[in-house]
Amino acid sequence: MENDGPMPSMPQPLPPDALRWRCDLREALPPEGGDPSNEKFIGQERAERALAFGLEVRSPEFNVYIAGSPGTGRYTMCRAICERIACGRAVPSSTAFVHNFADPERPLWLKFPPGLGRSFRDDMESLIAELKEAIPKAFEDESHDAERKKIIESIQERQQELLGRLEEKAKAVGFAVRPGQGGFALIPLIGGEPATEEAFAKLSQEERERIARARNAFSEHVGEFVKHTRALEKELRARIHELEKDIALTAVRGPVDDLREKYKDFRKALDHLDDVQEHILGNLQHFRPQEEEGQGALPLLAMRRSPEEDPFKAYAVNLAVDTSDMDCAPVVFESNPNFSNLFGRVERRAVFGAYTTDFTMIRAGSMVAASGGFLILNALDVLISPGVWPALKRAVRTRCVRIEDLGETYGWSQGGIKPEPVPVDVKVILMGSPWLYYLLLQHDEDFQKLFKVKADFSPMIGRTSGSLRDFRGFIDYHRRKSDLLPFRDEAVACVLEESARGVAHQGKLSARFGELHELLIEADHWARGEGASEVGRKQILRAIEEKRRRSDLIDERLRELIVEGTLFIDVEGAVEGQVNGLAVMDLGDYSFGKPARITAQTFMGERGVVNIERESKLSGGIHDKGVLILQGYLGATYARRRPLALSASICFEQSYSGVDGDSASSTELYAVLSSLSGLPIKQGLAVTGSINQRGEVQPIGGVNEKVEGFFEVCRHKGALTGEQGVLIPGPNVKNLMLRDEVVEAVRQGKFRIYPVRTVDEGIALLTGIPAGERDKETGEFPPGSVHGRAEARLIQMYEDLRRLRRGKDEDEEEEEEKGAPGKTPPSPPEPPPRPPRRRREGWRQGSGQAKPPSKRRCGGSLRRVAG
């Protein structure tokens, strides 16, 4: 590539101070008057502002989705802001369920201000207890017995009058009426006296038949008498019932009226009291002492009736949500948001193989309990719980909750009661990952309508004097909260440095406060185990190392395979077309760097660069893109005046799983350049970095793991001689937060880290030969440079390929001229004169014979057409 500047000098290794940020505790001193005992939210101003807006706005559609990684303080901040806002709001109403006397299968809800729900429940219990004593006493009054006796006597007189009339009619037709257990008996009269069986038997057949006909004719009068008698009995019961109702009303009205006065502002409560009074007056038998109906019955039958047939249960109050003890609006976090826990359930009790239920077994869920306040849920838990997500959207949209079984939502009726839907006013907050937010946003049309506010938590925050002070306050707060040992200044500095290492950036700090809290607890554990009275830097480093040690089994095993020679990695010497690349293996809770040998072979051909991983279907799309960019760089550098007559193969040696990412594209290019130029590459240097088509080295991820991975291999192979090191992209210098042992090795000159910004700088370091720049006048690379050697090799391969093609074309022409063997070819007709043709590159020089056009090769880089 052309470059107007001077030949670049060799990049210099980084000094030890550039490999890691060291915390200056003077920046982390708390401000005057600061209170470290209070928890403070650090570096999440955007999320805090969004949360405050979403939680304060009064709209059922402005619910909140908190997007961020676990451990970034999402729940802590959300809970704190919710509680702060809730303290400024009134305590919500209590919710109770009562029996529906009109439709027992659909219990009713009642809402009461704080304290009145419990009071109403207790008042109803007291009312029933009072009436159990007052009603029987009311019936003990002598006036009641006299009035009852009067009613009975009046009805009996009318019955006797009806009976007398019936007897007169019967006597007129020759019968006497005698009452019996089954009704009335008609006895024929003989001689004016009731006939006996002997006398009746002595009658003639004709006389007996006459009597039978007369009895049948008189049965109509008996039927009318029975009808009137039953009407009198019904009237007697009604009059006695009205009497008893009036007597009981004197005992019921007073206590119930007191409750009506107390709850006069609650329309549904007054309606319920009216229904209760009406039901009591209609079922006075439950309040009056009677003989046990079950006496003499089988014990099993008596057992069946005792608990389930409680006649007073209909007057109970099921206080599902009691807000009496609250002093502000509720803030509820439902850790297990299954259908029952979130929306409530109707419990059932097994009785002799059958399940029964009633309104007293209704249990409210978190959605009802959080009404008037805030409900915090984990988004993933909500989505994976059957039936929860559709029901949650429906509850938020309709602002009411149906307490039912999960099967009812799918139309699987299980019988039982169906409580009246309960109105709710709750702000729902979902906590989840960013990808889950965008997934819902794309695939659920209701999500954007119901969750209009997004609070985005960043995994990292800027390193400023203010954030350092806040982090120090965070350490002091959690030390006191968890009763940890005091932390020395050096320990605090080490924790802050580890925070920067967690995000691989010297100018940033990690917002994963949960991990930092765990580090404090682990360091305290090791300090107590050593008998120390304070936590120092030593204990912090031990906690870090112990945690790494618990997870680095695979890392250690791979390193052992390299050291024992099973996996081929050279850390000394120089080899042509072979480079040590660096990869990162992520195990979820632990990431580590792994060296990988990358080789390249170049030879004459037209296929270009062949990615063996891609051909074997072990390469990801990003890695394939890096190889294609590599090919673009080669074309821009060496194919300006002639096509590339090149075939090259690139391979990750001893790789038996997938490869992805473009961080090895510069490594692969160095291997190709080494193979083309014939210059060996120093095996003590490992390389990472992606490239663009201009040859600039671009930043990559996992730089600390990659450097430390190669360092560990060199150390365990006993090859820290000063020739070992790593080439990293220049923009990645700010991401270096290397472990102390790596920094110390660099300080002692045993290990080096080179920042490179272009391919030319990298290949010069790897080969010890300048890359070379094209001369502005001649357009040629210096002969001894890397590019000069590579271009000379490409020109030679191009010329060789041309000669091979020319020889092949001549052989084909000779065969055509000779024709078939054993036959004399016919003389061709005289060809017409041809215009002189222009010589083109690729034709044989010095030949005046015209050649037939050759076939076009679509797959190669050398193409010829007819002149």
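The values are calculated or read from the model by the stated rules, or taken from the named source; none is laboratory data. Everything numeric in this text was worked out from a predicted model, so none of it was measured. We place every Cβ from the backbone using ideal geometry, glycine too, and count neighbours over all the protein chains shown. We work out accessible area using only protein heavy atoms, side chains counted, and drop any ligands, DNA or RNA first. Shrake-Rupley method; radii C 1.70, N 1.55, O 1.52, S 1.80 Å.
Being at positive phi, at pLDDT 90 or above and open to solvent by 60 Å² or more (accessible area, probe 1.4 Å) is the requirement here; does ASP483 meet it? Yes; evaluated as a whole, the condition is true for this residue. All but one of (1) in contact (Cβ under 8 Å) with a residue 12 or more places away in the chain; (2) open to solvent by 30 Å² or more (accessible area, probe 1.4 Å); (3) of a type in the set (Val, Ile, Thr); (4) under 27 Å from GLY432 (Cα atoms) hold for VAL382; state the number of the condition that does not hold. Here VAL382 meets the rest and fails (2).
Determine, yes or no, whether ARG806 is surrounded by 12 or more Cβ atoms within 10 Å (Cβ to Cβ) and at pLDDT 85 or above. So ARG806 fails the test. Inside segment 519-531, residues that are in a helix (DSSP H, G or I) and either of a type in the set (D, E, K, R) or open to solvent by less than 30 Å² (accessible area, probe 1.4 Å) (or both) make up a count of 7.
Name the single residue that is nearest to the chain's Cα centre (by Cα) among those in segment 257-274 being farther than 19 Å from ALA129 by Cβ and open to solvent by 60 Å² or more (accessible area, probe 1.4 Å). The selected residue is LYS268. Residue count for segment 275-288, restricted to those that are more than 14 Å from LEU108 (Cα to Cα), of a type outside the set (Gly, Ala, Ser) and in a helix (DSSP H, G or I): 8.
The residues of segment 205-218 that are under 18 Å from ALA172 (Cβ atoms) and either surrounded by fewer than 11 Cβ atoms within 10 Å (Cβ to Cβ) or in contact with a His (Cβ under 7 Å, 6 or more places away or on another chain) (or both), listed by number, are ARG213, ASN216, ALA217.
A count restricted to segment 477-487 and to residues that are under 30 Å from the mean Cα position of the chain (by Cα) and not in a helix (DSSP H, G or I) stands at 1. A search for C-beta distances below 7 Å between a residue of segment 661-679 that is farther than 12 Å from ARG789 by Cα and any residue that is aromatic (Phe, Trp, Tyr) and open to solvent by 10 Å² or more (accessible area, probe 1.4 Å), counting only pairs 6+ apart in sequence or on different chains, returns nothing.
For every residue, the table says whether it meets (1) at pLDDT 85 or above; (2) not small (Gly, Ala, Ser).
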{"position": "ILE190", "(1), (2)": "no, yes"}
{"position": "ALA214", "(1), (2)": "no, no"}
{"position": "VAL222", "(1), (2)": "no, yes"}
{"position": "GLU233", "(1), (2)": "no, yes"}
{"position": "HIS241", "(1), (2)": "no, yes"}
{"position": "ASP271", "(1), (2)": "yes, yes"}
{"position": "GLU278", "(1), (2)": "yes, yes"}
{"position": "GLN295", "(1), (2)": "no, yes"}
{"position": "LEU300", "(1), (2)": "no, yes"}
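Listed conditions (1) under 23 Å from VAL713 (Cβ atoms); (2) touching a residue at least 24 places away in the same chain (Cβ under 8 Å) are all met by GLY565, apart from (2). The residues listed here are SER204, SER126; of these, the one that is at pLDDT 75 or above, over 20 Å from ILE240 (Cβ atoms) and among the hydroxyl-bearing types (Ser, Thr, Tyr) is SER126. Cβ separations smaller than 6 Å between residues 6+ apart or across chains give the following pairs from segment 791-807 residues that are among the hydrophobic types (A, V, I, L, M, F, W, C) to residues that are part of a helix (DSSP H, G or I) and modelled with pLDDT of 90 or more: LEU794/TYR638. Candidates are the residues of segment 532-590 that are assigned to a strand (DSSP E or B) and open to solvent by 70 Å² or more (accessible area, probe 1.4 Å); the one that is modelled with the lowest pLDDT is ASP586. Looking only at residues of segment 42-71 that are under 16 Å from the mean Cα position of the chain (by Cα) and part of a loop (DSSP other than H, G, I, E, B), we find that the one that is farthest from PHE451 (Cα to Cα) is GLY71.
Just one of the numbered conditions (1) at pLDDT below 85; (2) out of contact with any helix residue (DSSP H, G or I) (no Cβ under 6 Å at 6 or more places or on another chain) is not true of ARG74: (1).
For segment 689-714, a residue qualifies if it is assigned to a helix (DSSP H, G or I) and either charged (D, E, K, R) or more than 14 Å from VAL733 (Cα to Cα) (or both), and the qualifying residues are GLU705, LYS706, GLU708, GLY709, PHE710, PHE711, GLU712, VAL713, CYS714. If only one of GLU198, GLU168, GLU153, GLU142 is out of contact with any Cys (no Cβ under 6 Å at 6 or more places or on another chain), under 30 Å from ASP246 (Cβ atoms), open to solvent by 70 Å² or more (accessible area, probe 1.4 Å) and at pLDDT 70 or above, which one is it? Exactly one of GLU198, GLU168, GLU153, GLU142 is out of contact with any Cys (no Cβ under 6 Å at 6 or more places or on another chain), under 30 Å from ASP246 (Cβ atoms), open to solvent by 70 Å² or more (accessible area, probe 1.4 Å) and at pLDDT 70 or above, namely GLU153. Within segment 494-512, being part of a helix (DSSP H, G or I) and open to solvent by 10 Å² or more (accessible area, probe 1.4 Å) holds for GLU498, ARG501, GLY502. Of the helices (runs of 4 or more DSSP H) lying entirely inside segment 611-687, those carrying at least 3 residues that are hydroxyl-bearing (Ser, Thr, Tyr) and open to solvent by less than 30 Å² (accessible area, probe 1.4 Å) are 621-638, 665-677. Inclusion of VAL396 among residues that are among the aliphatic types (A, V, I, L, M), buried (at least 20 other Cβ atoms within 10 Å of the Cβ) and under 16 Å from TRP109 (Cβ atoms) is not warranted. A single member of ARG106, ARG89, ARG74, ARG49 is open to solvent by 60 Å² or more (accessible area, probe 1.4 Å) and touching a residue at least 40 places away in the same chain (Cβ under 8 Å), and it is ARG106.
Please verify whether LYS111 is at pLDDT 75 or above and in contact with a Phe, Trp or Tyr (Cβ under 7 Å, 6 or more places away or on another chain), treating the condition exactly as stated. No; evaluated as a whole, the condition is false for this residue.
If the condition is being among the small types (Gly, Ala, Ser) and touching a strand residue (DSSP E or B) at 6+ places or on another chain (Cβ under 9 Å), then segment 452-490 contributes ALA455, GLY462, SER467. Remark: pairs (first residue in segment 582-602, touching a residue at least 12 places away in the same chain (Cβ under 8 Å); second residue part of a strand (DSSP E or B) and of a type in the set (S, T, N, Q); Cβ separation under 6 Å; 6+ apart in sequence or on different chains) = VAL584/SER591; PRO595/ASN580; THR599/GLN578; GLN601/SER649.
Is it the case that segment 694-702 has a residue that's on the phi > 0 side of the Ramachandran plot, in contact (Cβ under 8 Å) with a residue 60 or more places away in the chain and within 41 Å of the chain's Cα centre (by Cα)? Yes, segment 694-702 has at least one match.
Every condition in (1) farther than 15 Å from ARG74 by Cα; (2) in contact with a Lys or Arg (Cβ under 6 Å, 6 or more places away or on another chain) holds for VAL422 except the one numbered (2). Filtered by the rule that a residue be within 18 Å of LEU685 (Cα to Cα) and part of a loop (DSSP other than H, G, I, E, B), segment 719-745 gives ALA719, LEU720, THR721, GLY722, GLU723, LEU736, LEU738.
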